[in-house]
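In what follows, a single structure is set out as structure tokens and then discussed.
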Amino acid sequence: MPQLCNPPRLWVFNPGHEEALRIPSHLRYTPAKEVRQMRHDLAPLLSLLAHEGDYIYRPASPLGSPAELLDYCGQSVSPHPLRGSTLQLMLWGIEPHIIHELMTAPLLRGIDLVPPPISADYLKMAHRQSCEGLLRYLIKEGGYPEALLPRWVEQGVDRSETKHLLREALRGIAQDYGSPTEVMVKRPFSSSGRGVLPFPRCYSEKHLEALTGNCLRLGAVSIEPLWQVIENWALEYVRDGEGRVSFVAFSLFETIASGRAYAGNILQSQETLRARLIQHIGSEALTQLIALHETYLSEALAASQYEGYIGVDLFLYEDGGQIKLHPAVEINLRTTMGLLAHLAYERYLTPPEEGRFLIEYLPTAQLQSPTSLTFSLPEVSPTTLFQARITKA
């Protein structure tokens with residue numbers, strides 16, 4: 001865990017920061033209403049990361065709840081005693097728009113905020129395409145199949161050239177890899193399963209026109225096989241102030257039934273999660289994978305000045321009747337829900353207890369079985385739309 005307690009830290013939950021990264025820093029960026037509500041509702045979750053003496057910024061809600069300063073336990077406190085003091089900004093995801101928002105926030109007026117550096121190397125690694133470099137390294141050093149590689153298509157000089165480039169990339173995804181009917185298209189700046197859409201192999205001109213428009217608007221898209229996913233995993237790492245990347249935790253997560261967006265984590269001890277993954281890929285392969293991740297990330301971030309958490313998404317998939325591992329689906333250069341789930345397990349459960357860490361949209365949340373033990377993180381108010389909670393088995 002990053003140890004920057006002197007000066008004290010101000011933790012900030014800004015999910016969806018990848019979308020902000022594609023907007024030039026001199027232009028105004030306003031997150032979608034849903035994202036702003038999530039930032040407000042789930043900000044107290046950062047008490048899982050905060051230490052005594054730290055603070056948490058809770059922005060105003062689009063439904064009218066005012067901005068608040070929270071202490072390290074998630075309780076509202078007055079900002080007035082902090083006037084003239086210094087706080088180190090600890091962002092969920094680093095991007096310039098949130099830094100500008102915090103520097104001009106009336107609630108934080110008079111407090112000296114120290115932002116994290118944003119280097120060209122960091123911005124390069126924050127792009128979804130950065131995972132291709134890691135995957136190529138794993139193919140070379142770990143023997144993973146080249147069929148896992150995405151095909152990145154950058155926009156051409158005009159619509160006609162872009163359409164041609166996309167058509168060639170789609171043709172290059174072999175029929176015998178992944179789904180026989182669909183491929184996967186990904187946007188360059190997105191995360192948590194968003195910006196990921198299936199695309200038909202037997203596409204119409206209308207389909208191709210829509211994809212061309214997306215590529216022109218976003219600057220690039222990736223195209224890759226659509227695999228039959230069995231389980232979604234992540235390996236959580238941290239990069240310290242000396243540039244060392246170290247393994248922190250295993251994460252086994254779930255996605256919503258209607259798509260691929262994050263829904264929650266399976267809560268089990270680290271020993272249980274490790275054994276579960278080893279059951280499919282073996283102890284030697286897992287040890288090698290973690291070492292390769294650490295080596296690559298250390299080298300790729302060497303000049304970045306980035307200090308904080310890194311999540312590498314993986315998945316187990318079925319291919320030809322066998323369960324195989326995709327070793328690098330996505331690099332999340334930020335704090336992750338998987339890390340929070342790990343910290344929640346350590347704080348609220350004791351091995352061999354099990355449960356689930358859930359992020360829910362309250363209007364559609366399911367009623368819980370009376371046999372389960374459920375508690376919210378944080379407490380729910382009448383205006384809350386997003387809830388984080390633990391269900392203990």
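Scanning region 274-309 for residues that are surrounded by fewer than 16 Cβ atoms within 10 Å (Cβ to Cβ) and among the polar types (S, T, N, Q) turns up Gln279, Ser283, Thr287, Thr295, Ser298, Gln305.
Yes/no per residue for (1) part of a helix (DSSP H, G or I); (2) touching a residue at least 40 places away in the same chain (Cβ under 8 Å); (3) not acidic (Asp, Glu):
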{"position": "Leu325", "(1), (2), (3)": "no, yes, yes"}
{"position": "Ala328", "(1), (2), (3)": "no, yes, yes"}
{"position": "Thr335", "(1), (2), (3)": "no, yes, yes"}
{"position": "His342", "(1), (2), (3)": "yes, yes, yes"}
{"position": "Pro352", "(1), (2), (3)": "no, yes, yes"}
{"position": "Arg356", "(1), (2), (3)": "no, yes, yes"}
{"position": "Ile359", "(1), (2), (3)": "no, yes, yes"}
{"position": "Pro363", "(1), (2), (3)": "yes, no, yes"}
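His26 meets all of the listed conditions (1) over 24 Å from the mean Cα position of the chain (by Cα); (2) not in a loop (DSSP other than H, G, I, E, B) but one, namely (2).
For region 117-176, the set of residues classified as basic (Lys, Arg) and over 23 Å from the mean Cα position of the chain (by Cα) consists of Lys140, Arg159, Lys163, Arg167, Arg171, listed by residue number.
Looking at region 242-264, which of the residues that are modelled with pLDDT of 95 or more and outside any strand (DSSP E or B) is farthest from Glu154 (Cα to Cα)? Filtering region 242-264 for residues that are modelled with pLDDT of 95 or more and outside any strand (DSSP E or B), the one farthest from Glu154 (Cα to Cα) comes out as Glu242. From the list Ile230, Ile278, Ile223, Ile290, the lone residue that is over 30 Å from Lys163 (Cα atoms) and part of a strand (DSSP E or B) is Ile230.
Any residue that is acidic (Asp, Glu), in contact (Cβ under 8 Å) with a residue 40 or more places away in the chain and in a helix (DSSP H, G or I) - is there at least one of those in region 50-60? Quick ask: steps written out before the conclusion?
The first filter runs over region 50-60 and keeps only residues acidic (Asp, Glu), leaving 52, 54.
Remaining after also requiring in contact (Cβ under 8 Å) with a residue 40 or more places away in the chain: 54.
After this cut, where a residue has to be in a helix (DSSP H, G or I) as well, the list is none.
Scanning region 50-60 turns up no residue that is acidic (Asp, Glu), in contact (Cβ under 8 Å) with a residue 40 or more places away in the chain and in a helix (DSSP H, G or I).
Does Ser298 satisfy being part of a strand (DSSP E or B) and either assigned by TED's automatic domain parsing to the domain that holds Ile359 or farther than 21 Å from Leu45 by Cα (or both)? Walk me through how you get there before you give the answer.
Numbers: part of a strand (DSSP E or B): no; either assigned by TED's automatic domain parsing to the domain that holds Ile359 or farther than 21 Å from Leu45 by Cα (or both): yes.
Answer is no for this residue.
Of all residues in region 301-321, those that are under 13 Å from Gly241 (Cβ atoms) and in a loop (DSSP other than H, G, I, E, B) total 5.
Among the candidates Lys206, Lys186, single out the residue that is buried (at least 16 other Cβ atoms within 10 Å of the Cβ) and charged (D, E, K, R). Before the answer, list the steps.
Values: Lys206 fails: buried (at least 16 other Cβ atoms within 10 Å of the Cβ).
Selected residue: Lys186, the only one of Lys206, Lys186 that is buried (at least 16 other Cβ atoms within 10 Å of the Cβ) and charged (D, E, K, R).
Please specify each residue of region 74-99 satisfying the condition of being touching a Lys or Arg at 6+ places or on another chain (Cβ under 9 Å) and free of Cβ contacts under 8 Å to residues at least 60 places away in the same chain. Ser76, Pro79, Arg83 - these are the residues of region 74-99 that are touching a Lys or Arg at 6+ places or on another chain (Cβ under 9 Å) and free of Cβ contacts under 8 Å to residues at least 60 places away in the same chain.
With the condition kept exactly as written, say whether any residue in region 319-328 is among the charged types (D, E, K, R), modelled with pLDDT under 95 and in the same structural domain as Arg239 (by TED's automatic domain parsing).
To start, the set of residues in region 319-328 that are among the charged types (D, E, K, R) comprises 319, 324.
Imposing the further condition that a residue be modelled with pLDDT under 95 reduces the set to 319.
From the residues that got through so far, the ones that are in the same structural domain as Arg239 (by TED's automatic domain parsing) too are 319.
Yes, some residue in region 319-328 is among the charged types (D, E, K, R), modelled with pLDDT under 95 and in the same structural domain as Arg239 (by TED's automatic domain parsing).
Of note, Glu271 satisfies the criterion of being surrounded by fewer than 19 Cβ atoms within 10 Å (Cβ to Cβ) and over 24 Å from Arg136 (Cβ atoms). For region 106-138, filtered to residues that are in contact with a Pro (Cβ under 7 Å, 6 or more places away or on another chain) and either of a type in the set (D, E, K, R) or more than 30 Å from Arg58 (Cα to Cα) (or both), the residue that is modelled with the lowest pLDDT is Arg128.
The values are calculated or read from the model by the stated rules, or taken from the named source; none is laboratory data. Just so it is clear, the model here is predicted, and its values are computed rather than measured. Every residue, glycine among them, receives a Cβ derived from its backbone with ideal geometry; neighbour counts consider all protein chains shown.
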